[in-house]
Amino acid sequence: MIRVAVRQFRTEAIVGVTLLVATAIVLVITGAHLHHVYDAFEHQCRAARDCANASNPVQNVDKSLQGVMPIVVLVTPALLGLFFGAPLIARELENGTYRLAWTQSITRKRWIAVKLGLVGLFSMAVAGLLTWMVDWWAHPLLAANGDRFGLALFGIQGVAPIGYAAFALALGVAAGVLLRHTVAAMVVTGVGFGAARLVVTYLVRPNLASPVRKLLPLSAGSGPSIGFTNAGGGNVIFGPPQVSVPNGWVYSTTLVDKAGHAPTAQYVAHACPVIGRAAHQLAASGGRPGAGPSGAQIQACIAKLSTSIHTLVTYQPASRFWPFQLAEMGIFIVAALALCGCSYWWLRRRYA
């Protein structure tokens, strides 16, 4: 039975391994140069003691690969579900060859277990190895941009893609068992996997752990912004600064007073009368250039407000990257096991 299962997906497995080896060769060759550029820059800027302000040249190396590799890691679990999971049992049911297997002293349980175990382990291994290779290759880039926890990068690193691959495969199998048509199962797998990723990314992941809330000085980050509108005789718009948490996930930045309330335009105008008068002058002049306050006046206002206004940052710290990775992988693996159980139950019920 194992030999039969191996022969059934041998071609697909050879193609998958070949692509994986080819990708590894490209990453090793280009990755060595990428790491060399990063190490040389680090050595140079540390010697000059100016790493914070220096522009890292590693972000300009192999720009095409920087755009392609994240897409490869992103779509690989979906492709495994489409081309390995969806046809795995749907093809047998569609062609009627499952009857032959079940007349050879092979139980349904063993039949589906061998198929799922063999292809499932292969798919998870491919996703894990590919992600590990790209992680190594992209390490200098991730170190340079400090955005490892970002929504665009989180799902193409660590161990989460292993869970994605397991789920995509199980979803393809379940779709094939229910629909009994390979093409229809592939369509449902693609749509279902994309929907599941979006739900987990935007609804589940932000709530895996309560975010950290931290008060920072008003001058933290890029500093607050002050703008004006012509409505209502001139209103002051006081915006929060842009705060970056290296390799963390910033949910929001807001301005709050000592009581935790957001400062109003009236509060800002009252605390800085010169700013309030400038807003009215700007509105009266119809937005004429030069009617607003000077840069020195704005900075003086910010310095005055900093005694009572603070920046509240809500974020997930970088230390939670791996707990979040493990949690997301676990969610998808549990969902995959549930789908496999449902597939087995349906086969027993439908083809008893």
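Which residue out of Val134, Val119 is of a type outside the set (S, T, N, Q) and within 30 Å of Glu92 (Cα to Cα)?
One residue alone meets the criteria, Val119.
Modelled with pLDDT of 85 or more and among the hydroxyl-bearing types (Ser, Thr, Tyr): does that describe Thr30?
yes
Within region 40-51, is there a residue that is in a helix (DSSP H, G or I) and buried (at least 17 other Cβ atoms within 10 Å of the Cβ)?
Within region 40-51, one or more residues are in a helix (DSSP H, G or I) and buried (at least 17 other Cβ atoms within 10 Å of the Cβ).
What are the residues in region 339-352 that are within 29 Å of Val159 (Cβ to Cβ) and either touching a residue at least 60 places away in the same chain (Cβ under 8 Å) or not assigned by TED's automatic domain parsing to the domain that holds Gly176 (or both), if any?
Residues satisfying the conditions are Leu339, Cys340, Cys342, Ser343, Tyr344.
Since Ala127 meets every condition but one in (1) out of contact with any Ser or Thr (no Cβ under 9 Å at 6 or more places or on another chain); (2) within 29 Å of Asp62 (Cβ to Cβ); (3) buried (at least 21 other Cβ atoms within 10 Å of the Cβ), which condition does it not meet?
Answer for Ala127: the failing condition is (1).
Out of Leu74, Leu93, report the one residue that is buried (at least 17 other Cβ atoms within 10 Å of the Cβ), in a helix (DSSP H, G or I) and in the same structural domain as Leu339 (by TED's automatic domain parsing).
Leu93
Spot the failing condition for Gly194; the list is (1) under 17 Å from Ala336 (Cβ atoms); (2) in contact (Cβ under 8 Å) with a residue 40 or more places away in the chain; (3) touching a Leu at 6+ places or on another chain (Cβ under 6 Å), and only one is missed.
(3)
Please indicate, with yes or no, whether at least one residue in region 151-171 is under 26 Å from Tyr315 (Cα atoms), in contact with a strand residue (DSSP E or B) (Cβ under 9 Å, 6 or more places away or on another chain) and in a helix (DSSP H, G or I).
Yes, region 151-171 contains a residue that is under 26 Å from Tyr315 (Cα atoms), in contact with a strand residue (DSSP E or B) (Cβ under 9 Å, 6 or more places away or on another chain) and in a helix (DSSP H, G or I).
Looking for something modelled with pLDDT under 95, of a type outside the set (S, T, N, Q) and surrounded by fewer than 19 Cβ atoms within 10 Å (Cβ to Cβ) - is there at least one such residue anywhere in region 161-177?
Scanning region 161-177 turns up no residue that is modelled with pLDDT under 95, of a type outside the set (S, T, N, Q) and surrounded by fewer than 19 Cβ atoms within 10 Å (Cβ to Cβ).
Output the residues belonging to region 191-246 that are buried (at least 16 other Cβ atoms within 10 Å of the Cβ), closer than 18 Å to Val274 by Cα and either at pLDDT 80 or above or polar (S, T, N, Q) (or both).
Asn235 - this is the single residue of region 191-246 that is buried (at least 16 other Cβ atoms within 10 Å of the Cβ), closer than 18 Å to Val274 by Cα and either at pLDDT 80 or above or polar (S, T, N, Q) (or both).
Could you list all residues from region 304-343 that are at pLDDT below 95, in a helix (DSSP H, G or I) and buried (at least 18 other Cβ atoms within 10 Å of the Cβ)?
Leu305, Cys340, Ser343
Name the pairs whose Cβ atoms lie under 7 Å apart, with the first residue in region 66-87 and aromatic (Phe, Trp, Tyr), the second surrounded by fewer than 22 Cβ atoms within 10 Å (Cβ to Cβ), and 6 or more positions between them or separate chains?
So the pair list comes out as Phe83/Glu12; Phe84/Phe9; Phe84/Glu12.
The values are calculated or read from the model by the stated rules, or taken from the named source; none is laboratory data. Predicted, not measured: the structure shown is a model, and the values here were computed from it. Ideal geometry is used to build each Cβ from the backbone, glycine not excepted, and the neighbour counts take in all protein chains shown.
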